[in-house]
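Take a look at the structure below.
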Amino acid sequence: MGFKQDSLEHGLINIAIDGPAGAGKSTVARMVAEQLRYVYIDTGAMYRAVALSAIRQGIDVSDTTQLGRLCASLDIRLLPGVDGQQVWIGDEDVTNRIRSREVNLLVSQVAAAPEVRTQLVELQRSFADRKGVVMDGRDIGTHVLPDAELKIFLTASVRIRAERRYKETGQADRNGLEQLEREIEERDRMDRERKTSPLICAEDALVIDSSHMTIEQVVSQIVELSRTKKVEAK
C-alpha cells in the first residue's frame with residue numbers, strides 16, 4: 001500500500017487499453033509505454049503462450065481442467081527486446097510462434113477458460129502493483145485493473161482490422177482477406193459472449209476509434225491523456 005502511494009506522488013499511473021482483435025492495442029500500448037518510460041505488459045501474449053503449448057501437447061482446448069494444469073506448469077516470461085517485448089516459455093523465445101494463424105483460431109477459447117484466467121490475472125495484477133504499467137487486453141479496465149487511472153477502449157471497423165492483419169501476415173489473395181474478416185468477426189463474438197470476463201468497454205473508459213487514425217496519432221492522444229491523469233492522481 002505504501003509503495004502505491006509513493007508511486008502516485010512521483011506521477012506514476014496505470015494505463016489499461018482494451019479492445020477487439022486487430023485494433024492495434026499491442027503496438028499502441030508498447031509505443032505509449034516507451035514514450036512514458038513505463039513497463040508494457042502484453043496480456044494477450046500470455047494467453048497465446050498457453051494456446052501454443054496446448055497445441056504442441058495435443059490438449060483439447062475445450063478441456064479447461066487440462067488447460068489449467070498446463071498453465072500452472074508453464075514458466076511464461078515477458079522480457080524487453082530490441083524490437084519490442086519478447087515472450088518466452090522456459091528457455092524458448094516464442095515471440096513469433098504465438099502469432100501464427102493456428103494460435104489465432106484457438107486463443108479466444110483458451111482465454112475463456114476460468115482455470116487459465118484466474119492464474120494469469122493474478123500474475124498480471126502483481127505486475128501493476130508498483131504503478132507505471134501500460135497493459136492491454138480485453139478485460140483490463142473491467143476486471144484485471146478496474147482501478148487503473150486511465151482506461152482506453154481502442155477499436156476499429158472489422159474491415160480495417162482485417163486489412164491490418166492481412167498486411168501483417170503477408171497473405172496474397174483476396175480470399176485470404178475475406179477469410180480473415182470472417183475469423184475476426186467470429187473472434188469478436190466469442191470474446192463478447194464468453195462467460196468469464198467478456199470483452200466490455202468499461203463505463204469510465206475513453207473510446208478511441210482508430211479506423212482513420214495513424215498509430216502515431218493514437219499514441220499521441222493517449223500520452224496526452226495520461227499527462228492529465230497524472231496531475232489528477234497526485
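The values are calculated or read from the model by the stated rules, or taken from the named source; none is laboratory data. It should be emphasised that the depicted structure is a prediction, and the values quoted were computed from it without experimental measurement. Using ideal geometry, Cβ is built from the backbone for each residue, glycine included, and neighbour counts are taken over all protein chains shown.
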| Single residue of Gly84, Gly19, Gly24 found to be crowded, with 21+ Cβ neighbours inside 10 Å, in contact (Cβ under 8 Å) with a residue 40 or more places away in the chain and over 22 Å from Val121 (Cβ atoms) | Gly24
| Just checking, how many residues over segment 41-62 are hydroxyl-bearing (Ser, Thr, Tyr) and under 10 Å from the mean Cα position of the chain (by Cα)? | 2
| said: Looking at the structure I just gave you, is Ile17 at pLDDT 95 or above and part of a loop (DSSP other than H, G, I, E, B)? | reply: no
| query | Just to be sure, is Glu149 within 30 Å of Arg37 (Cβ to Cβ), touching a residue at least 40 places away in the same chain (Cβ under 8 Å) and loosely packed, with under 12 Cβ neighbours inside 10 Å? | reply | no
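Yes/no matrix, rows are residues, columns are (1) part of a helix (DSSP H, G or I); (2) of a type in the set (D, E, K, R); (3) over 27 Å from Gly11 (Cα atoms); (4) at pLDDT below 95:
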position: Ser126; (1), (2), (3), (4): yes, no, no, yes
position: Asp129; (1), (2), (3), (4): no, yes, no, yes
position: Ala148; (1), (2), (3), (4): no, no, no, no
position: Lys151; (1), (2), (3), (4): no, yes, no, no
position: Glu168; (1), (2), (3), (4): yes, yes, yes, yes
position: Gln179; (1), (2), (3), (4): yes, no, yes, yes
position: Arg192; (1), (2), (3), (4): yes, yes, yes, yes
position: Val219; (1), (2), (3), (4): yes, no, no, no
position: Lys230; (1), (2), (3), (4): yes, yes, no, yes
| query | Are any residues in segment 70-90 at pLDDT 85 or above and assigned to a strand (DSSP E or B), and if so, which ones? | reply | Ile76, Arg77, Leu78, Gln86, Val87, Trp88, Ile89
| said: Quick check on segment 101-121. Is at least one of its residues touching an Asp or Glu at 6+ places or on another chain (Cβ under 8 Å), assigned to a strand (DSSP E or B) and closer than 26 Å to Ala54 by Cα? | reply: no
| message | Consider segment 194-205. How many of its residues are exposed (fewer than 15 other Cβ atoms within 10 Å of the Cβ), touching a residue at least 40 places away in the same chain (Cβ under 8 Å) and either part of a helix (DSSP H, G or I) or not basic (Lys, Arg) (or both)? | response | 1
